[in-house]
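All remarks here apply to the structure that follows.
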Amino acid sequence: MNAQIWTLVGVLVGVAGALGAAAMSSRAARRAPLDAQRRDKRREVYAAFLSVAADLAVAADPNSANGYRINGAAPDPEEWVQELNRLRRLLMAKYPLVRLEGPEGVEHSGMQVMSAAMSLVMAADNVTVADVPRFGTVAEPANNLSDAIEAFVVDCQRTLRI
């Protein structure tokens, strides 16, 4: 009788283990597509934010065709600052989605990009027609923006690999 009880206990433990393993396997199978969707959504949000940040950096670049030295001629400083401000506002509009998608490291890097963008626009706002070459006034803020963008990219890559 004692052997029969132990046999029954062994069978019950084996069945419970098999059911538990099946449940965990099923859960992992359901979770994988959700993780992929979450990663894809984050990638879209990060890419949209980066696109605007890159456009802002290009608009401030004196050597760019889209920069403030178009074909060697500098446009009116007010028009240039208006364009930089337009791009900064677009960046601000994209940032809440970065905060929403997270994680905290990417959110912090995004805030650094926002801060660098604001510093760049403020420096550009101090440029006058008499300031030639103009890039001297915004060189450091433009470099800071490029560095912040690069840090954001690194944090995004790290997050998307997890």
Within region 67-93, work out how many residues are at pLDDT below 80 and either under 26 Å from the mean Cα position of the chain (by Cα) or outside any helix (DSSP H, G or I) (or both).
11
All but one of (1) at pLDDT below 90; (2) surrounded by 14 or more Cβ atoms within 10 Å (Cβ to Cβ) hold for residue 64; which doesn't?
(2)
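The values are calculated or read from the model by the stated rules, or taken from the named source; none is laboratory data. Treat the numbers as computed from the prediction; the structure is a model and nothing was measured. All Cβ positions, glycine included, derive from the backbone under ideal geometry; neighbour counts span all protein chains shown.
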